[in-house]
Amino acid sequence: MYHESGRKIRFGIAWEAVRYPFANIFGLLRLTLLPALISAALLYAAYRLFGSPISLQVETPEDIERFAKAIVPLTMPFWALCLFVSVIMAVGIHRHILRGEGLEWTLVPIRGYELAYAAVAGLFTAATFIEQYLFHLVAGWFGIVTPPPLGGSGFTAAQYDIVQFVKDASPALIATVALLTAVLIWAHVRLALVFPHAAVTGRISLSESWAAMRGNVWRFVVAALLMSILVFVVYLLTVLAVAVLGFVAVTLKALLAMTPQIPYAPDVVPVSVSVFTIILFLLSNWLLIGMIVAFVSFIYQDLVDGSAPVPQRPASGLFAGIGS
């Protein structure tokens, strides 16, 4: 075991994690730009192949059903590509923080680190969906309406399940589901360090995380809540920037509409602002991933013994490092 008993999570990790992506923004850009461009190209090809459901008008229940059927062929490629970019970014961040490796240009790294991390991410994503679904059932029983875990195409089906559960469930059943949800979330937190362990060793070890997180679950939750507050501030600034852009777009459109010498300007301005808004939100989500990964990585650094042997770097994968 590489951890030392008695180590505690520092609450200051929340601020360190929020600062990390801003302090390393160009390195993270080098790490993720090419994989993101490849993913965007593949997703565009999928849109061209299957047709884009975005153009469908969604106003009636029949429209919702048609939209759901149209988006199904794109759902799996979209999430697979998101996982692809996220895994590359996460492994790079973990190895930067824990092993001192540089954030270099990367195209398609296929190494033991990425494969182990992708396997962990897939398992934990499935567990998260289960936890969220159980939470929505309990929340629905108390009359709290929340978005379903699948979103979009799964919304109507999940709503129906929640309504039926609320009608038929007894208080004892609700208590059982609530307890099961709490136990799953607690276990999820105890196993959170599986991610950085996979990134730095290329192996999946549940016992290492379970032992290192003993007595630290509540500190993890408090630190996560502190980071959530800081992240909320970042999102608030993003929303404020989007609101300012919207005001600028409306003002420019009104002004340019009074200028007959530029007939297409009123149509071009909103489109340009919309594109910039999308980029801004993508950037904020990209930074959020960096914060979350850095948060777990710093916790692993705090709890795992620094004398742990550094595993040898395996042979580089396909285009793992350009120019290396």
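Report the residue count in segment 109-142 for those that are of a type in the set (Val, Ile, Thr) and touching a residue at least 60 places away in the same chain (Cβ under 8 Å). Talk me through it step by step, then tell me what you get.
Here is the first cut: in segment 109-142, the ones of a type in the set (Val, Ile, Thr) are 110, 120, 125, 128, 130, 138.
This time we only want the ones that are touching a residue at least 60 places away in the same chain (Cβ under 8 Å), so: 110, 120, 128.
Matching residues across segment 109-142 total 3.
State whether the residues of segment 45-68 include one that is out of contact with any Pro (no Cβ under 9 Å at 6 or more places or on another chain) and modelled with pLDDT of 75 or more. Among the residues of segment 45-68, not one is out of contact with any Pro (no Cβ under 9 Å at 6 or more places or on another chain) and modelled with pLDDT of 75 or more, which makes the answer no. Scanning segment 285-324 for residues that are modelled with pLDDT of 90 or more and of a type in the set (S, T, N, Q) gives 297, 301.
If you check residue 187 against the conditions, is it in a helix (DSSP H, G or I), at pLDDT 90 or above and within 30 Å of residue 101 (Cα to Cα)? So residue 187 fails the test.
Only one of the listed residues (209, 205) is hydroxyl-bearing (Ser, Thr, Tyr), modelled with pLDDT under 90 and farther than 20 Å from residue 289 by Cα. That residue is 205. Can you name the residue in segment 196-234 that is of a type in the set (A, V, I, L, M, F, W, C) and outside any helix (DSSP H, G or I) and, of all such residues, is nearest to residue 112 (Cα to Cα)? So the residue we want is 204.
Matching residues to (1) surrounded by 15 or more Cβ atoms within 10 Å (Cβ to Cβ); (2) out of contact with any Lys or Arg (no Cβ under 7 Å at 6 or more places or on another chain); (3) on the phi > 0 side of the Ramachandran plot; (4) modelled with pLDDT of 85 or more:
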{"position": "96", "(1), (2), (3), (4)": "yes, yes, no, yes"}
{"position": "111", "(1), (2), (3), (4)": "yes, yes, no, no"}
{"position": "122", "(1), (2), (3), (4)": "no, yes, no, yes"}
{"position": "141", "(1), (2), (3), (4)": "yes, yes, no, no"}
{"position": "146", "(1), (2), (3), (4)": "no, yes, no, no"}
{"position": "149", "(1), (2), (3), (4)": "yes, yes, no, no"}
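A quick yes/no check of all residues on (1) at pLDDT 90 or above; (2) of a type outside the set (A, V, I, L, M, F, W, C); (3) under 19 Å from the mean Cα position of the chain (by Cα); (4) loosely packed, with under 14 Cβ neighbours inside 10 Å:
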| site | (1), (2), (3), (4) |
| --- | --- |
| 192 | yes, no, yes, no |
| 199 | yes, no, yes, no |
| 217 | yes, no, no, no |
| 222 | yes, no, no, yes |
| 227 | yes, no, yes, no |
| 231 | no, no, yes, no |
| 242 | no, no, no, no |
| 254 | no, no, no, yes |
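The values are calculated or read from the model by the stated rules, or taken from the named source; none is laboratory data. The model shown is predicted, which means the values in this text are computed figures rather than measured ones. Cβ: placed from backbone, ideal geometry, glycine included. Neighbour counts: every protein chain shown.
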